[in-house]
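Each value in this text was obtained by applying a stated rule to the coordinates, not by laboratory testing. The structure displayed is predicted, hence computed values, not measured ones. Note that we place each Cβ from the backbone using ideal geometry, even for glycine, and neighbour counts take in every protein chain shown.
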Amino acid sequence: MFYGLRVNWALSRLGCRPRIFTSAHRELMQKAGIASRRSPQEVALCMVAELPIVHRAEANSAVVESWIRNGKIDPAKDEVGAALIAVGLFELVTRAPFSSQQSEADVASLDERMVGMAPDADKH
């Protein structure tokens, strides 16, 4: 029971009214989320990713970033990564969660190393 409420709360935090989905679809997604051990936030993000682009574009990226920082969603999971891409938050797919003890310089250094690992288009 509480899982469903938490999914609806997460949908609201993303800027999406839960009633935009039929109750049957919400129930189906909640059962699938429980069965696959997904957090309510991950289920809500995946649900928003199914919506038309007009609704996906309104997803609150600050909320998603805080969920990543707090370990509520894991962008490394295939479904979550695909949902992040679908809602237009490409930059969050490769972002590893980091603790508040890490400095911005550490994160910037990691970003620079990741850019250095990208294949060079001129070599093809």
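Look at segment 17-32: where a residue is over 13 Å from His55 (Cα atoms) and a partner is outside any helix (DSSP H, G or I) and of a type outside the set (Ser, Thr, Tyr), sitting 6+ places away or on another chain with Cβ atoms under 8 Å, you get Met29/Phe21; Ala32/Arg38.
Results for (1) of a type in the set (Val, Ile, Thr); (2) part of a loop (DSSP other than H, G, I, E, B); (3) in contact with a strand residue (DSSP E or B) (Cβ under 6 Å, 6 or more places away or on another chain), shown as yes or no for each residue.
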| position | (1), (2), (3) |
| --- | --- |
| Glu42 | no, no, no |
| Ala59 | no, yes, no |
| Val63 | yes, no, no |
| Ser66 | no, no, no |
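Is it the case that segment 17-34 has a residue that's surrounded by 19 or more Cβ atoms within 10 Å (Cβ to Cβ), within 15 Å of the chain's Cα centre (by Cα) and aliphatic (A, V, I, L, M)? Scanning segment 17-34, I find no residue that is surrounded by 19 or more Cβ atoms within 10 Å (Cβ to Cβ), within 15 Å of the chain's Cα centre (by Cα) and aliphatic (A, V, I, L, M), so the answer is no.
The set of residues in segment 10-30 that are part of a helix (DSSP H, G or I), more than 21 Å from Ser61 (Cβ to Cβ) and either hydroxyl-bearing (Ser, Thr, Tyr) or in contact with a His (Cβ under 9 Å, 6 or more places away or on another chain) (or both) contains only Ser23.
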